[in-house]
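Derivation of every value follows stated rules applied to the coordinates shown; laboratory data play no part. If you're wondering where the values come from, they're calculated on a predicted model, not measured in any experiment. Counting neighbours? That spans all protein chains shown, and the Cβs are built from the backbone with ideal geometry, glycine included.
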Amino acid sequence: MLACTSAEARYLEKIGVPQERLRILGAGVDTLAYRQTTPGHWKARLNIGQEEFSALFMSTSLSTGKGADQVAQASLALPEVHFIFAGGSNAEWQDLAARVRPGANCHYVGFVDGTEKHQLFKAADLFVMPSVNDAFGIVYLEAMAAGKPVITANIDSMREVAGDAGLSVAHGDAEALVRAIRRFQQDQGLYRRCQEAAIRRAESCSWENLSARLENIYLELLEKRGLKRAYVAEKHV
């Protein structure tokens, strides 16, 4: 059985999957698409100055579990930072706005996909989603493929996904999130280190590298059954 993270593997083992049947594979991201993408029109469209700092939240849901409320609350303490919310629905955004009443520095852009999504990741300075609802969270890989540091929830699976590419904060703690965002604003050395780590992390999860890891898992299983030699011979015919 394939797990996305070691945290997920531990959970599967806890519910009865034998350890010897578990392998950690992770998830993949199209790094080439992000390397070839520019920020596009997003900053101009949202009236964000080129030198102004922006943080992106993107999810299929603008729920509390995904950290949307926490990000909106943090925006109130950081009026100089532009917060971009993508995904969810207009109704969810209206509910969130009614609960938190975010300021003019918050921009809701709805659902984005394809090139528009790639450009939005490139346009933002930072990706922020302190979610506790994800086993892996491919969206973090997408942000890292765009060269962006990330802020995740301080839980095992999310820390494992981000590695050295960002910071983690307690889910629901808006003040901790404010402090983390300010660190990226004020410490260019930290920002660059996390940015470089983000690109390396994303490259390790490119589809090419993921495919190679998956093939190695299959080869290991074939070898245990005495079938590896036949597979390798057929592959090179």
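Working ranking of peptides 123-129, 218-224, 3-9 by packing, defined as the average number of other Cβ atoms within 10 Å per residue, highest first, is 123-129, 3-9, 218-224. How would the chain be classified by its alpha-carbon gyration tensor: rounded, prolate or oblate, with rounded meaning a/c under 1.5 and the a/b versus b/c comparison settling the rest? It is prolate, given that a/c is not under 1.5 and a/b is the larger ratio. Candidate cross-link partners of LYS224 among the lysines, defined by an alpha-carbon separation under 27 Å and a same-chain spacing of 8 or more, comprise LYS14, LYS235.
Charges on Cβ only, +1 for Lys and Arg, -1 for Asp and Glu, centred on the Cα centroid of segment 116-227; of GLY226, GLN186, VAL132, which one is farthest towards the dipole's positive end? Comparing the listed Cα positions along the dipole, GLN186 ranks first. Local charge for ALA98 was computed over the other residues whose Cβ lies under 14 Å away, with Lys and Arg +1 and Asp and Glu -1, and equals -1. Under 12 Å from the Cα of LYS122, which aspartates and glutamates turn up, not counting those fewer than eight places away in the same chain? Within the straight-line limit of under 12 Å, LYS122 reaches these aspartates and glutamates: GLU142.
Computed over neighbours whose Cβ is under 15 Å from that of GLU8, the net charge equals +1, Lys and Arg +1, Asp and Glu -1.
Peptide packing for 193-205, 61-73, 37-49, 177-189 was compared via the average number of neighbouring C-beta atoms within 10 Å per residue; ordered from the highest value, the list is 61-73, 193-205, 177-189, 37-49. All other residues whose Cβ lies under 14 angstrom from that of ASP69 are scored, Lys and Arg at +1 and Asp and Glu at -1, for a net of -1. Computed from the Cβ-Cβ distance with R0 of 25 Å, the FRET efficiency linking GLU13 to THR60 stands at 0.30. The charge dipole of the chain, taken about its Cα centre with unit charges on the Cβ atoms of Lys, Arg (+1), Asp and Glu (-1) only, comes to about 400 debye. For segment 7-63, the equivalent ellipsoid derived from the Cα gyration tensor has semi-axes of 40, 16, 9 Å, listed largest first. Rounded to the nearest 500, the helix-only mean residue ellipticity at 222 nm of the chain stands at -15000 deg cm²/dmol, with each DSSP H run of n ≥ 4 adding -39,500 (n - 2.57).
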